[in-house]
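Take a look at the structure below.
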Amino acid sequence: MEGFDKQNVLKAIPPVNEILDSPEVITLIERLGRAYVIENVKLIIDEYRKNIGKSKQLDAEQHHGTRPEVTEYLIKSLKDWIEQQQKSGLKKIINATGIVLHTNLGRAPLPEQAVKSIYEVSQGYSNLEFDTETGGRGSRHSHIEPLITRLTGAESAIIVNNNAAAVFLCLNTLASNREVIVSRGQQVEIGGSFRIPDIISRSGAKMTEVGTTNKTHRSDYSNAITSDTAILLKVHTSNYKVTGFTEEVSLQEMVELGREKSITVIEDLGSGSLYDLSLLGLPHEPTVQDSIKTGVDLVTFSGDKLLGGPQAGIIAGRRDLIERIKKNPLTRMVRCDKTTIIAMTAVLTLYLNPEKVVEKIPILKMMALKEHELTDNAVELGDIINSALEGKCKIEIVDDLDEIGGGSLPGVILDGKAVVLTVENMSANEIQVGLRKAKVPVITRINKDRVLLNVRTLEKVDYPIVVKAIADILE
Ligand SMILES: *Cc1c(COP(=O)(O)O)cnc(C)c1O
């Protein structure tokens with residue numbers, strides 16, 4: 001590229017207006033507004049100028065003699081840049097990890113009924129806090145409460161932002177400046193910054209630790225009770241297992257002790273399944289119903305773990321205690337918005353029909369998949385990849401282990417099936433990064449230096465998207 005004349009190239013840069021008048025840019029303006037597009041046109045032109053200033057000679061792509069050529073180049077740069085900008089922000093991704101409740105990938109995908117309901121009800125006005133019978137003010141809690149009480153046998157219930165908030169509200173309302181007794185074996189930390197001791201102290205309560213890491217006896221609790229004790233707290237060790245020489249006091253025993261001493265007993269169930277997972281061949285996880293049956297005063301659980309709904313925390317139990325929690329001013333700060341309440345209503349409604357619930361709630365459906373179904377799915381995905389990308393990559397179907405994840409059922413491993421993807425001259429890491437950076441990112445795991453696409457967490461509608469992502473990295 002001899003004879004490159006910087007001055008001539010700079011002269012060929014069109015004025016901003018000329019770029020704005022191009023039909024492609026007009027489309028961008030219609031979508032994103034004039035001010036935003038102008039800002040970015042100026043940015044692209046500045047960048048272009050700077051590059052020319054820096055370079056001794058322009059590479060072939062940037063060697064544009066004429067103004068139309070430069071204009072075309074700038075418009076393409078603008079479109080790429082804006083697309084890049086729009087990519088950040090919350091978006092759909094494909095979970096090919098086989099981890100059903102992936103904490104970083106939005107935990108539970110919502111059932112179709114919940115999504116439809118959000119679409120139908122939140123688009124316009126709703127009776128969120130309006131009583132259509134009386135024409136007076138209603139309560140946002142009234143939509144969820146009858147469903148929870150029907151499904152769990154609890155007397156009353158309230159929904160808040162997440163389970164961390166639910167636990168905090170219980171302690172703050174019922175144990176402020178008083179003692180909460182917890183076993184040393186249940187000082188749970190959940191990913192992020194949820195630690196039971198911190199939550200207790202921030203709630204204004206004082207923590208009394210009892211027992212040891214591996215063993216806590218009923219007498220440990222009863223000996224620790226003073227006239228200042230407000231709550232016996234049981235925390236479900238939802239993301240780890242204490243095994244070996246262990247003992248913990250059952251909820252039933254804690255409830256009996258609480259009754260005897262007139263002390264409130266609360267259980268933080270964490271995952272809070274409403275469905276008996278042993279029916280899916282999984283280990284029995286205590287359900288919310290099981291807890292309520294013991295006579296516990298309150299239980300708290302998440303909406304987006306084993307329940308399979310939107311992010312939320314539910315407190316269920318004694319009416320008089322729930323009424324006090326409702327009146328706590330902090331409850332207002334962690335109340336759910338309408339989309340959560342709409343989605344949760346739809347999800348809980350699905351639980352009314354035990355025969356259909358597994359099929360309708362995505363995470364239950366994924367957990368219930370049988371080996372032959374997983375094999376069929378893996379074969380189908382493999383065939384689609386093969387027929388679309390004949391010979392450009394290699395696939396193989398292997399056994400792999402899936403997980404429930406999301407701090408639920410620790411140590412429970414599900415037998416899974418995966419499509420192994422190999423591409424000549426590409427490392428597993430390169431394939432993984434390529435898939436992750438696809439337009440719709442596909443998130444994978446690497447095992448023994450091979451990229452796996454675990455089919456348990458893929459929906460059939462995801463298959464063409466996966467194929468597209470693979471096609472893109474092969475280019
Ligand atoms: C997950 C979990 C929490 C926190 O619930 P979020 O809904 O994530 O706020 C609290 N306690 C236990 C035992 C948990 O498993």
Scattering curve values for the chain, log₁₀ I(q)/I(0), Debye with Cα scatterers, q = 0.06, 0.07, 0.10 Å⁻¹: -0.40, -0.52, -0.89
Over 30 Å (Cα to Cα) - which of Lys293/Lys460; Lys370/Lys448; Lys50/Lys92; Lys206/Lys241; Lys116/Lys439 fall in this group: Lys293/Lys460; Lys50/Lys92
Relative exposure of Ser219, Ser88, judged by other C-beta atoms within 10 Å (fewest first): Ser88, Ser219
Sequence ranges 316-325, 40-49, 351-360, ranked by mean other-Cβ count within 10 angstrom, highest first: 316-325, 40-49, 351-360
Two-site label geometry, Arg436 and Asp399: point separation in nm, points 7 Å out along Cα→Cβ: 2.9 nm
Residues Met333, Met366, Met207 arranged by fewest to most Cβ contacts within 10 Å: Met333, Met207, Met366
R0 of 56 Å, Cβ-Cβ distance Val379-Tyr240: FRET efficiency to nearest 0.05: 0.95
Interchain or long-range residues, amide H under 5 Å from Thr229's placed H: Glu179
Net charge contributed by nearby residues that have their C-beta within less than 14 Å of Thr103 (K/R +1, D/E -1): -1
Note, ³J(HN,Hα) from phi for segment 221-234, Karplus 6.51, -1.76, 1.60, rounded to Hz, x at Gly and Pro: 5, 5, 5, 8, 5, 10, 5, 9, 6, 9, 9, 9, 10, 10
Relative contact order computed over the chain (Cα-Cα under 8 Å; 6+ residues apart), in percent: 18 percent
Order of Ser222, Ser408, Ser302 under a 10 Å beta carbon neighbour criterion, fewest first: Ser222, Ser408, Ser302
Percentage relative contact order, segment 396-466, counting C-alpha pairs under 8 Å, at least six apart: 29 percent
Additional length obtainable on full extension of the chain from Tyr125 to Ala224, 0.36 nm per residue less Cα span: 30.4 nm
Percent antiparallel among DSSP beta bridges (both partners in the chain, rounded to 5): 55 percent
Ranked by how many other beta carbons lie within 10 Å on average, peptides 244-250, 283-289 from highest: 283-289, 244-250
Protection proxy ranking of 68-78, 269-279, 5-15 - average other beta-carbon atoms within 10 Å, highest first: 269-279, 68-78, 5-15
Potential extension, Lys87-Glu155 segment - 0.36 nm per residue separation minus Cα distance: 19.8 nm
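Every number here is computed from the coordinates shown, using simple stated rules; none is lab data. Computed from a prediction, not measured in an experiment: that's the story for all the values here. No Cβ is skipped: glycine too gets one built from the backbone with ideal geometry, and neighbour counts run over all protein chains shown.
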